[in-house]
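> Below: one structure in structure tokens.
A short reminder: the numbers here are calculations on the coordinates, not readings from a lab. Only a predicted model underlies this, so the values are computations on that prediction, with no experimental measurement involved. With ideal geometry, Cβ positions are generated from the backbone for all residues, glycine too; neighbour counts draw on all protein chains shown.
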Amino acid sequence: MLKQELSTPPRRQLRVTVEDDAGTMCVLRFLTFYASQQQAMAVGARLRVRGELRMGLWGREMVHPVCRSPHTPLPKVLTPVYPTSAGLPQAWLRQAIAHALRRVLGDPASATQRLRDTLPTSVWSQKPPQYLMPL
């Protein structure tokens, strides 16, 4: 965290300027926040931030990003995010795709071998089985 600003007129908001390891700066904007969040984003603190990056009034900005401690362990598997439209939640899509894979691949014991037979070697070598999301 490089800088923290609390502005009041016309609407109270917290703006925090951050910089990544490559030196790229970004402003995090919070329109609603708690004092604990403000304390966690003190100048000099490190956070893991995730959100939609866009160009705003202060350059690159994220509005209400998800902030975590850098000491929080990362998930063991990657959760795929599929393009969707309004009214079609990600959880439903993941469940439907997992169900379709179970129908196509059969029992989980033979699924790994079937994937090896189906996917090209170049793809299979990039995604070892331990990183595939469990069905």
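> For region 3-58, which residues satisfy the criterion of being surrounded by 12 or more Cβ atoms within 10 Å (Cβ to Cβ), under 22 Å from the mean Cα position of the chain (by Cα) and either part of a loop (DSSP other than H, G, I, E, B) or charged (D, E, K, R) (or both)?
The answer is 15, 19, 29, 33, 41, 45, 47, 48, 51, 53.
> Residue check: is residue 111 in contact with a Leu (Cβ under 7 Å, 6 or more places away or on another chain), surrounded by 10 or more Cβ atoms within 10 Å (Cβ to Cβ) and among the small types (Gly, Ala, Ser)?
Taking the combined requirement at face value, the residue satisfies it.
> Take the residues in region 67-103 that are exposed (fewer than 10 other Cβ atoms within 10 Å of the Cβ) and hydrophobic (A, V, I, L, M, F, W, C), then tell me which one is farthest from the chain's Cα centre (by Cα).
86
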